[in-house]
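Notes follow the structure.
The values are calculated or read from the model by the stated rules, or taken from the named source; none is laboratory data. The structure displayed is predicted, hence computed values, not measured ones. Virtual Cβ from ideal backbone geometry, glycine too; neighbours counted across all protein chains shown. All accessible areas refer to the heavy atoms of the entire protein, side chains included, with ligands and DNA or RNA removed. Shrake-Rupley method; radii C 1.70, N 1.55, O 1.52, S 1.80 Å.
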Amino acid sequence: AAQLEESGGGSVQSGGSLRLSCAASGYMFSSGCVGWWRQAQGKERLYVAIIRGDGGILYRDSVKGRFTISRDNVENTLSLQMNTLKPDDTDQYYCAAGTAVSATGCQWQHWGRGTQVTVSS
């Protein structure tokens, strides 16, 4: 089975930056949809940034211009560069991968365990 593992989370002051990384084993990020999600305990899972099966990139409005998602197909890693962080960005962040079921749709099948991002004001 595929295994995803996030790293790079931590605590940072407002305005700071973090870079999240996700390493995959048993799965190729280049083969379908990949993305970063956030979820707090007891809350809904929300997408942060997604690379669709057609290569298109979708960012949540609240992070546009601040976050950048990228994948390295050679190293088989997924990254999220997070700049100008805000307290509202605080959450548990998960990398995910799955199958492109349409030009714009994804079936999310694999998830990491998450990494905590905490932004203080």
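Only a single item in (1) at pLDDT below 95; (2) more than 18 Å from GLN107 (Cβ to Cβ); (3) not small (Gly, Ala, Ser) is not met by ASP88, and it is number (1).
Taking each residue of region 66-95 that is at positive phi and polar (S, T, N, Q) and looking for partners that are surrounded by 15 or more Cβ atoms within 10 Å (Cβ to Cβ) and assigned to a strand (DSSP E or B) with beta-carbon atoms closer than 7 Å, six or more apart or interchain, yields ASN76/ALA24.
Of all the criteria given as (1) touching a Phe, Trp or Tyr at 6+ places or on another chain (Cβ under 8 Å); (2) of a type in the set (A, V, I, L, M, F, W, C); (3) free of Cβ contacts under 8 Å to residues at least 60 places away in the same chain, the one not satisfied by ILE57 is (1). Among strands (runs of 3 or more DSSP E) entirely within region 17-121, having at least 3 residues that are open to solvent by less than 50 Å² (accessible area, probe 1.4 Å) singles out 18-25, 33-39, 46-51, 67-72, 77-82, 91-100, 115-120. Restricting to region 1-14, name every residue that is in a loop (DSSP other than H, G, I, E, B), open to solvent by 50 Å² or more (accessible area, probe 1.4 Å) and either over 16 Å from GLN109 (Cα atoms) or among the aromatic types (Phe, Trp, Tyr) (or both). Within region 1-14, just SER14 meets the criteria.
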